[in-house]
1. Being touching a strand residue (DSSP E or B) at 6+ places or on another chain (Cβ under 7 Å) and touching a residue at least 40 places away in the same chain (Cβ under 8 Å) is the filter here; which residues of segment A:106-129 pass it?
2. Could you check, for segment B:93-111, whether at least one of its residues is surrounded by fewer than 18 Cβ atoms within 10 Å (Cβ to Cβ) and assigned to a helix (DSSP H, G or I)?
3. Any idea which residue in segment B:230-241 is farthest from the other protein chains (Cβ to nearest Cβ), counting only those that are touching a Cys at 6+ places or on another chain (Cβ under 7 Å) and either at pLDDT below 95 or surrounded by fewer than 16 Cβ atoms within 10 Å (Cβ to Cβ) (or both)?
4. So, in segment A:1-53, exactly how many residues are in contact with a strand residue (DSSP E or B) (Cβ under 6 Å, 6 or more places away or on another chain) and among the small types (Gly, Ala, Ser)?
5. For A:ALA252, only one of the following conditions fails: (1) touching a strand residue (DSSP E or B) at 6+ places or on another chain (Cβ under 8 Å); (2) buried (at least 19 other Cβ atoms within 10 Å of the Cβ). What is its number?
6. For segment A:14-36, give me the residue count where each residue is at the interface with another protein chain (Cβ under 9 Å from one of its Cβ atoms), surrounded by fewer than 20 Cβ atoms within 10 Å (Cβ to Cβ) and under 23 Å from B:SER254 (Cα atoms).
7. Restrict the check to segment B:65-74 and report whether at least one residue is hydroxyl-bearing (Ser, Thr, Tyr), farther than 30 Å from B:ASN335 by Cα and modelled with pLDDT under 95.
8. Kindly state which strands (runs of 3 or more DSSP E) lie completely within segment B:139-229 and contain at least 2 residues that are within 13 Å of chain A (Cβ to nearest Cβ) and modelled with pLDDT under 95.
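The values are calculated or read from the model by the stated rules, or taken from the named source; none is laboratory data. Everything quoted here is computed from the prediction, not taken from an experiment. Note that we place each Cβ from the backbone using ideal geometry, even for glycine, and neighbour counts take in every protein chain shown.
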Protein chains: 2
Amino acid sequence: MNKMVYFDNAATTFPKPNKVYEYMDRYYRDFGVNAGRSSYKLAREASKLINDTRNKLAGLVNYDKAEKVIFTPSATIAMNQIIDGLTWDEFKTVYVTPFEHNAIMRPLNYVKEKFNIKIEIIPFDPVTFALDVEELNLKFSRDFPDFIFMSHVSNVTGFILPIEDIIEAAEKYNPIITLDCSQSIGLIPIDITKLDIHYLVFAGHKTLYGPFGIGGFIDKSKIKLAEIIKGGTGSDSLNLNMPDTYPAKYEAGSPNILAIAGLYSALDWINELDVKNIRKKEIELTKILINKLKENDQVKLYLPENLSNHVGIVSCNLNQYNPNELGQILDEDFNIAVRTGFHCAPLIHDFLGTTNKGGTLRISLGYFNETEDINYLVNRLEELL
Amino acid sequence: MNKMVYFDNAATTFPKPNKVYEYMDRYYRDFGVNAGRSSYKLAREASKLINDTRNKLAGLVNYDKAEKVIFTPSATIAMNQIIDGLTWDEFKTVYVTPFEHNAIMRPLNYVKEKFNIKIEIIPFDPVTFALDVEELNLKFSRDFPDFIFMSHVSNVTGFILPIEDIIEAAEKYNPIITLDCSQSIGLIPIDITKLDIHYLVFAGHKTLYGPFGIGGFIDKSKIKLAEIIKGGTGSDSLNLNMPDTYPAKYEAGSPNILAIAGLYSALDWINELDVKNIRKKEIELTKILINKLKENDQVKLYLPENLSNHVGIVSCNLNQYNPNELGQILDEDFNIAVRTGFHCAPLIHDFLGTTNKGGTLRISLGYFNETEDINYLVNRLEELL
């Protein structure tokens, strides 16, 4: 059978740049110790790598406070840290978009049940994906937003959300805003100084092209979140409370120097290539994919009307197929890897009307896809129709 | 300068077996996707690896319920999951030993402040490290133990705790018992069926010789812990609650297949070598180290009287030196890596009388140390005295 063609980059980018694999392996063999500032040389080297990686990541979003780059083992844990670290009480209103992932919705639902908060949905047009600013202003005026949690890019549709418009509409209510950049950082230029947000969440293993095991958040707020994970920090050991300093307060336990080395190298790769060029290649590939799929009227695409607000994630359904069944055929007969179903996004299927269809077939591109991969996929889909 | 001699294996074992590095690199290059049971071949392969690793780990402690092996990104997170997942209220009494790590003490201290629980210390003789059973029975009868958290092996002194005696003394009170095996699993044979405990916590990167990024706990209880991290599980996506099944309930977010591959390979290595032989080599090396250090009366050793209850972690102080200063000399002048200070263990320094000394100098051995490393260290220490 032919080599696998991989279209599940929204779950995790694969492969990684070769230098990421090489650097991780070499670094872990040569420097794989437990970091510590006041210890021996190798432990200091490991600490330096962690700080250098913080600096690189802060630089990527134009932030000058590297100590406010908090590393967690995943974006999911980062989101839990933010949500559980905030102060909740009754009568608070949280706004989310229909595009949110369960990494937001499940921790929020827990808060909802515990504190009886209200969760409101920011209104979008289900056909064009346009933000309904008028309706949003009305909703905000009826139920003031205390918190907003929103994705920068939808993991199901690739839609780039109009985050600036939402931030602007919310401005006078001064809500605490968390932006989930799991599907955007490294692919879409972000200048955090120009966004009036409090927290930016990132995943290392998606659009940053790093490995599993590293994610986190950038804290731009003046709030001190309660820490949710407590433990050793290699500092102030006789104190039974966590240190109150950034980033130590939120980083209990041994740092994952293997994953951080991978992220370091991935950030190098992104900087060398430049975010703009990664995005440019992806736009070109996505255009080819969409144009070919559009030729066939049995393919239902779930895309924003304005394709300049879109990355290389294309959800679709084919008339007579259940997406899971179709994904199985693509895998078994053609060695094509796509993801099918609900994609951990609980609200969007009502929005798109895909709940009863079993979700969508999601084709998600990465930098290492080529035009021939897309031709291969589209030709196989045409054979099936 | 000569090659570094590494004696910080209690922080993380280093190096790892060569096959662990090789397998991780190869696996991540070839199979580094997001696991998923009903997806494409590679995602199913990744799921299979995760299940195989659960099976191997369960097998290592003679447990037949692999689904109760819960993976978390670290032992610290596992311990937080257990402590925060239990039900607390006032008047509860928790027993710990003087040997506990901040991965236990800091989350417990938070519970103490929030719920006004009582934390009691299990009595040990500070010279011989013998458990004072009589005093323990008295304490238990005055303040019934509701919970016990204890290390299997002390990360500062290498002392193997008399866990069976503590479990026996507690039996009639039926407390919930958590055993921290971060410094023992893979090194000391454990048969979980013979231990009347509820939770066994493990770290992948210490005595298991795996990488950072993977730890967890084995759940032997009949209690359903509340989950502390919520998020996507790749299943039941439209449900805003976490699935109620093991292990999914406690494993939100993308599994770290890179770290799990490393742990898988490390478990293979342990099984091939056999736990008994790893222990045997360590005992031999430790004996040489202790005997040489004992020759010099300016070296104060912090060891149990009965050395059959001891692994290759040796804490000491040298008369005229502060441990941090001594560690620095060993590093800078001789390229010897030891750890100095309090080692994230907040209670033991009062117990040992090392609080005002700035803690201890800790020499911790691993399978890849050799006799010549120990001779080199001991000779340098003698030069300094």
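1. Those that are touching a strand residue (DSSP E or B) at 6+ places or on another chain (Cβ under 7 Å) and touching a residue at least 40 places away in the same chain (Cβ under 8 Å): A:LEU108, A:ILE121, A:ILE122, A:PHE124, A:PHE129.
2. Within segment B:93-111 (the criterion being surrounded by fewer than 18 Cβ atoms within 10 Å (Cβ to Cβ) and assigned to a helix (DSSP H, G or I)), the answer is no, since none of the residues qualifies.
3. So, considering only residues that are touching a Cys at 6+ places or on another chain (Cβ under 7 Å) and either at pLDDT below 95 or surrounded by fewer than 16 Cβ atoms within 10 Å (Cβ to Cβ) (or both), the one farthest from the other protein chains (Cβ to nearest Cβ) is B:GLY234.
4. Within segment A:1-53, residues that are in contact with a strand residue (DSSP E or B) (Cβ under 6 Å, 6 or more places away or on another chain) and among the small types (Gly, Ala, Ser) number 2.
5. It fails just one condition, (1).
6. Matching residues across segment A:14-36 total 3.
7. No - not one qualifying residue is present in segment B:65-74.
8. none
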